Structures are given as structure tokens and as C-alpha cells.
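Nothing in this text is a laboratory measurement; each read-out follows from the coordinates by a stated rule. Computed from a predicted model, the values in this text were never measured in an experiment. For neighbour counting, all protein chains shown are included, and Cβ atoms are generated from backbone atoms with ideal geometry for every residue, glycine included.
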Amino acid sequence: MSSIKLTIFVVGPPRSGKTALCNYLAELSESLNSSQYHPTEGVRILEFERKIVLDSKKTNSKSKETIVSVELWDCSGDPKFYPCWPAVANTAHGAVILFSPDSKQEKEVETWYNFFSFMKDSQIAVFAHKMMSPSQKGAKMKLAGKLSKLNVTSTTLDEQTKAEFDTVICNAYQAYTENREREEQKNGRQQHHAPRVNIGGLHETGIQENDPTNSVALDRVYDMVQLQWDFVQKR
Ligand SMILES: Nc1nc2c(ncn2[C@@H]2O[C@H](COP(=O)(O)OP(=O)(O)OP(=O)(O)O)[C@@H](O)[C@H]2O)c(=O)[nH]1
Ligand SMILES: [Mg+2]
């Protein structure tokens, strides 16, 4: 059992296949048999573990294989929820932006990309998702303008997509450990201040894994999201 839990957001336009992808990654096979469309209301959170292989040069660690707990946020693509995302997006360690390559959705992709602008580009994967197996699956493509610096992978529901997802987890893990090391150094310099709970900036708090304040902070984030959704739905 890993002591590290990474929060990964799966976002993108409505009906692009986010829920189907999340169910596939979490191996919820029963729900894969349903072809009915049920729009996600707000967010669903799925928890599972993935075994990843870390680049030992990047992590300064001897062990190459590690198991991480993943908290996957399957977000609604409906724009009515846009006002909620700034309040919670910065609890993410990584993000997958999914869109349908047959529709003109670059504007939506850019909107979602902007919610995660605090991250390195390596922590964000963009999947051009096809419901039917694309002829060139796994192929890299490019978007225009500001998004041209991002690698876009052509995906469908298959093992190759799981491997692309694992790359996001590895990059998220690396960013997480770098952040933690930086915080530890800073805390060392500041003569060990007590961990601070800072909603909307968990990664900058110096909170340790298994620290109960961490889950208290998360509970408060969830409460805040609930309040925001209630507000949006009443409008
Ligand atoms: N056959 C097949 N159907 C898919 C695939 N991905 C999605 N679908 C179907 O497409 C429809 C929409 O998929 P969802 O995964 O619910 O879309 P979503 O992006 O979560 O949509 P919102 O929650 O509204 O944002 C559903 O009927 C799914 O069953 C896929 O890879 N293969
Ligand atoms: Mg959905």
C-alpha cells in the first residue's frame, strides 16, 4: 500500500468520453457494458492503485517500481460548473484533458488548460479520444496556438491509453516529490514550522502524508465544492 495519494483530474467537453475512460482506468468493467449516456453532475471521485515505473535518474531513488494511490476526479464537462473549478483545481497533481478530435473543441481544451496553468505541462496529458479504435492510435498530434506546445495523444479505451495515463502519474509523482523536497528544505531553514492547512494550495503547505490535517483539509475542500455546486444549480 502506497503512502502517496495523487489527485488526477479528468476534464474536457461534455460527452467526450471522460466517464467511460475513468471507469476503464478504475477497472469498473460492469459500467463499461452500458452505452447509455448519463451526464456527470459535478464530479465523481474514483479511488484505485496503479503500479508505476519511475525514472530513477529523475527521482534520485533506487527503487524503480512503486504503487501509488490515485484519486481520479471525473469532472462534468458542462460549462455551468466552470465557476467551481478554480476553487478545487489546484488540489490536483495531474490532469487529463479529453476531447473529441472530430469536433472543433480547441476553445474548450484551452479553457480547461487554463484551470491548470499552475502545473508544469508534463503534468497535463491531452487525449484526442475516439470511441472507435482510431487508425493511428497512440499517434502524437498538435493543436494550434497556445496549445501547440502540448503533446496530444490519439486514444481509445485500450492498454496503450493506460500506459499514457501512467506517464501522467509518473510526472505528477515527480512534481509532488520535488515540491515536498522543496518544502522540507524551506521548513528546515524556517526551523520547522508546524504544518499549515491552506485551502486551495495543499501542495504548498508542507503537509505530510498520513497527517490527519491533510484529510481535514480535503474534507473542507469537498464542502466548498458542494457549496459552489449548490450555488450554481440554484442560479
Ligand atoms: N463504444 C464507446 N462508447 C463510448 C466511449 N467513450 C464514451 N462512450 C459513450 O459516449 C457517451 C458519452 O460518454 P461519457 O463518458 O459519459 O461522456 P463524458 O465526457 O463523461 O460526459 P459528461 O459527463 O457529460 O461531461 C456514453 O454513451 C458512452 O457510453 C468509448 O471509448 N467507446
Ligand atoms: Mg461524465
| query | Given a Förster distance of 30 angstrom, what is the FRET efficiency for residue 4 paired with residue 149, based on the Cβ-Cβ distance and rounded to 0.05? | reply | 0.60
| field | FRET efficiency, 1/(1 + (r/R0)^6) with R0 25 Å, evaluated for residue 178 and residue 131 via beta carbons | value | 0.10
| note | So residue 104 and residue 35, fully extended at 0.36 nm per residue minus their Cα-Cα distance, gain in nm 22.5 nm
